[in-house]
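Here the structure comes first, spelled out in structure tokens, and everything after it is commentary.
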Amino acid sequence: MEKMDLQAFDTDAALRERAAKVIPGGMWGHQNSARLPAGYPQYFTRGEGCRTWDANGRSYIDYMCAWGPMILGYSDPDVEAAAARQRAEGDGFNGPTPRLVELAELVVDTVSHADWAMFSKNGTDATTACVTTARAGTGRRKVLVARGAYHGAIPWCTPSVAGVTEEDRAHLVQYDYNDVASLEEAVALVKGDLAAIIATAFKHDLGKEHILPTREFAQAARRLADEADAALIVDDVRAGLRLDLGGSWDLVDVKPDLSAWSKAIANGRALGMMTGNDRFREAATKIYTTGSFWTAGVAMAASIATITKLRDCDGIGRMKSAGQRLRDGLQAQADRYGLPLRQSGPVQMPVFLFEGDGDRELGNRFCLEALARGVYFHPTHTMFLSVAHTDAVIDETLQVTNEVFKAIA
């Protein structure tokens with residue numbers, strides 16, 4: 001595949017310059033391309049299927065899927081049709097549309113632990129609502145979190161940075177993911193004041209190997225929460241609907257009391273969700289949580305279409321098949337060229353790292369060489385496959401990565 005000139009920034013460079021004058025730092029958060037090696041585009045103009053186009057008109061096979069929300073693919077026709085029908089009727093009113101009830105019914109029918117659902121707009125809303133509900137339902141304060149875990153961008157869970165105080169995180173106690181003894185020690189430390197244990201669907205710390213939960217660890221978390229009459233919360237914001245439609249910890253036969261969802265549940269529309277069991281139903285009625293756009297109907301219509309299509313087309317099976325095809329192909333190429341590639345995480349949510357690459361030089365070069373040939377990988381973050389990543393797309397990607405391995409070997 002022809003290699004693009006990534007230094008020929010035109011429209012993208014102009015947009016960055018304009019943004020720097022009117023937006024603090026020019027951009028914010030994890031979507032700021034300044035956090036990536038020089039050469040990544042900042043601005044995008046459209047997407048279709050598994051491909052995106054940047055502001056300079058260059059196209060990429062996209063393995064970030066808008067950082068996770070695109071699970072069926074950009075501009076999926078069924079989701080777009082459902083959204084358009086609702087948009088024609090209206091989006092936000094004095095109260096919700098019937099889509100609210102229809103979506104909640106579908107979620108309760110789909111998510112194995114869910115007796116009810118409440119909706120918001122993003123993942124931080126959802127994790128915060130889960131923790132608040134756990135505290136309301138138990139009358140206690142302490143929440144156990146895994147070291148290095150990410151649960152959102154808000155002071156209660158964001159590591160100490162500017163504007164965040166020690167008091168904001170005063171009732172968090174850390175444990176080590178997949179370490180039963182560490183979890184037991186944390187529980188003992190807060191005996192009598194434990195509101196919740198929260199865990200991500202799998203360990204997906206930035207720039208580190210991704211690790212699935214062991215059955216032993218998940219079952220211990222369930223047992224310890226039960227013994228303390230506390231809530232077990234699974235943060236399924238990143239993984240929700242990609243691993244198991246019933247909830248990611250169904251794969252280890254553990255059902256949480258509460259789960260947080262967002263990203264993929266509406267195929268790119270802004271929607272967050274808390275699901276829970278009857279143990280915490282009354283508590284969920286007592287907390288105060290709201291937002292001006294939380295009952296908007298278009299995102300809910302999109303979510304109904306998304307969940308329904310994922311169920312009917314075996315979306316998870318298709319993503320797993322494509323992800324395994326990619327993983328096997330990449331490993332064969334890395335072995336052929338003698339490069340120490342480390343792949344981890346679920347195959348439909350991979351991360352690529354290289355042994356001994358502490359300064360990220362090799363990983364950055366691999367991703368930049370792929371980017372220059374039209375494939376968008378991320379050098380440190382969880383990546384995402386969608387239903388639109390077909391076998392043909394994977395094979396096209398592997399043609400590119402073979403050139404990349406050859407170039408950097």
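Here, each number is a calculation from the coordinates, and none is a lab measurement. Owing to the predicted nature of the structure, the values given are computational and were not obtained by experimental measurement. We place every Cβ from the backbone using ideal geometry, glycine too, and count neighbours over all the protein chains shown.
A compact table of results
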| item | result |
| --- | --- |
| Gained length - Val164 relative to Leu206, 0.36 nm times residue gap less alpha-carbon distance | 13.1 nm |
| The chain, relative contact order in percent, only Cα pairs under 8 angstrom and at least six apart counted | 23 percent |
| Square roots of 5 times each gyration tensor eigenvalue, C-alpha, segment 131-236, largest first, Å | 20, 19, 11 |
| Along each principal axis, Cα extent of segment 66-128, largest first, Å | 32, 32, 23 |
| For segment 90-145 versus segment 1-80, the gap between their alpha-carbon centres in whole angstrom | 31 Å |
| Kirkwood estimate for segment 77-312, i.e. one over the average of 1/r between Cα atoms, Å | 18.0 Å |
| Tail weight of P(r) past 13 Å, computed on alpha-carbon pairs of segment 356-409, percent | 62 percent |
| Relative contact order [Cα under 8 Å, 6+ residues apart], segment 77-312, whole percent | 33 percent |
| Counting DSSP beta bridges with both ends in segment 77-312, the antiparallel % (nearest 5) | 40 percent |
| Reach of Lys286 by Cα under 28 Å, taken over lysines that are not fewer than 8 positions away in the same chain | Lys121, Lys142, Lys191, Lys255, Lys263 |
| Gained length - Asp395 relative to Ser59, 0.36 nm times residue gap less alpha-carbon distance | 119.3 nm |
| Calculated FRET value between Ala13 and Thr308, using beta carbons and R₀ = 35 Å, to 0.05 | 0.25 |
| Using alpha-carbon coordinates, inclination of helix 11-22 to the longest axis of the chain, degrees | 40 degrees |
| Residues Ile197, Ile287, sorted so that the one with the fewest Cβ neighbours within 10 Å comes first | Ile287, Ile197 |
| Longest site-free stretch - the chain; sites: GluC sites (Glu not before Pro), DSSP loop, at most 13 other Cβ within 10 Å | 3-208 |
| Check: the chain dipole with +1 on Lys, Arg Cβ and -1 on Asp, Glu Cβ, in debye | 520 debye |
| Cβ-Cβ FRET estimate between Ala38 and Glu227, R0 fixed at 56 Å, reported to 0.05 | 0.60 |
| Spacing of the two label points (7 Å from each Cα toward its C-beta) at Asn94 and Glu361, in nm | 6.7 nm |
| Computed FRET value (nearest 0.05) for Asp328 with Val22, which takes r as the C-beta separation and R₀ as 51 Å | 0.65 |
| Antiparallel bridges, percent of DSSP beta bridges restricted to the chain (to nearest 5) | 55 percent |
| Cα convex hull of segment 277-409, projected area averaged across orientations, nm² | 12.1 nm² |
| Sorted by Cβ neighbour density within 10 Å, fewest at the top, the residues Met300, Met70 | Met70, Met300 |
| Directionally averaged shadow of segment 1-142, computed from the convex hull of its alpha-carbon atoms, nm² | 13.8 nm² |
| Loop sites in segment 68-142: chymotrypsin sites (Phe, Trp or Tyr not before Pro), DSSP, at most 14 other Cβ within 10 Å | Phe93 |
